[in-house]
Amino acid sequence: MNFVIIGSNFISDTFLTAAQQVSDFNFYGIYSRKFETAQGFINKHQNTAQAKIYLTLEQVCADPQVDAVYIASPNHLHAPQAIQCLQAKKHVLGEKPSATNIFELKKIFMAAKSNNCCYMEALMTPHLPNFQRLKECLPRLGRLRKFHGRFEQYSSRYDAYLEGDTPNWCLS
């Protein structure tokens, strides 16, 4: 399956390393706004010299050789990019969060269904050991009537932002 990776950050590195262990996976290309960034990503990984570089999402969607995309762009772009790719009949593996609200998520599902494509969110947290432990302990609490949960994480990019750097997630 010919995959294009959208975004060239550290999570894309992790995805590519893992995906290359699957025999049906072919790293076909990368979409980045800058050629140098895309080329740098390709150069970091073994056996990827043949990968194509796309500078627009329209190029990715128009390429009939692209079967699927992995979306690892800034969060606010996940839903519009997923919808555009699904409408171009590309299967989508989207990094979390899939969408910023329920309305976007419904549009993703409708685009997947109407174009006979698969959409999946790359959500690993329910498979982490702490979630299994929570699942084991919940019966001891009895019947739950209300739950309020929160997950927070200090962004590795926040300090750079405070210093005046404009990270990708600030750009549209």
Exercise for review: Give the stretch 3-30 a look and list any residue that's part of a helix (DSSP H, G or I) and not aromatic (Phe, Trp, Tyr), or say none.
Suggested key: 11, 12, 13, 14, 16, 17, 18, 19
Point to revise | Filter result for the condition that a residue is at pLDDT 95 or above and either closer than 21 Å to residue 120 by Cα or hydroxyl-bearing (Ser, Thr, Tyr) (or both), over 48, 56, 14 | key: 56
Point to revise | Sole residue being in contact (Cβ under 8 Å) with a residue 24 or more places away in the chain and within 24 Å of residue 28 (Cβ to Cβ), chosen from 105, 77 | key: 77
Review point. Limited to the stretch 36-49, what total is found for residues that are in a helix (DSSP H, G or I) and in contact with a Phe, Trp or Tyr (Cβ under 8 Å, 6 or more places away or on another chain)?
Key: 1
Review point. If a residue has to be crowded, with 18+ Cβ neighbours inside 10 Å and assigned to a helix (DSSP H, G or I) to count, how many in the stretch 52-76 make the cut?
Key: 3
Study note, to complete from the structure: Turns out the helices (runs of 4 or more DSSP H) fully within the stretch 95-172 with at least 1 residues that are in contact with a strand residue (DSSP E or B) (Cβ under 8 Å, 6 or more places away or on another chain) and surrounded by 11 or more Cβ atoms within 10 Å (Cβ to Cβ) are 102-114
Exercise for review: Just one of (1) charged (D, E, K, R); (2) over 30 Å from residue 152 (Cα atoms); (3) in a loop (DSSP other than H, G, I, E, B) trips up residue 33, so point out which.
Suggested key: (2)
Check your understanding: Taking the stretch 1-58 on its own, how many of its residues are hydrophobic (A, V, I, L, M, F, W, C) and over 19 Å from residue 95 (Cα atoms)?
Key -> 6
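The values are calculated or read from the model by the stated rules, or taken from the named source; none is laboratory data. Remember, it's a predicted structure, so these values are computed and weren't measured experimentally. No Cβ is skipped: glycine too gets one built from the backbone with ideal geometry, and neighbour counts run over all protein chains shown.
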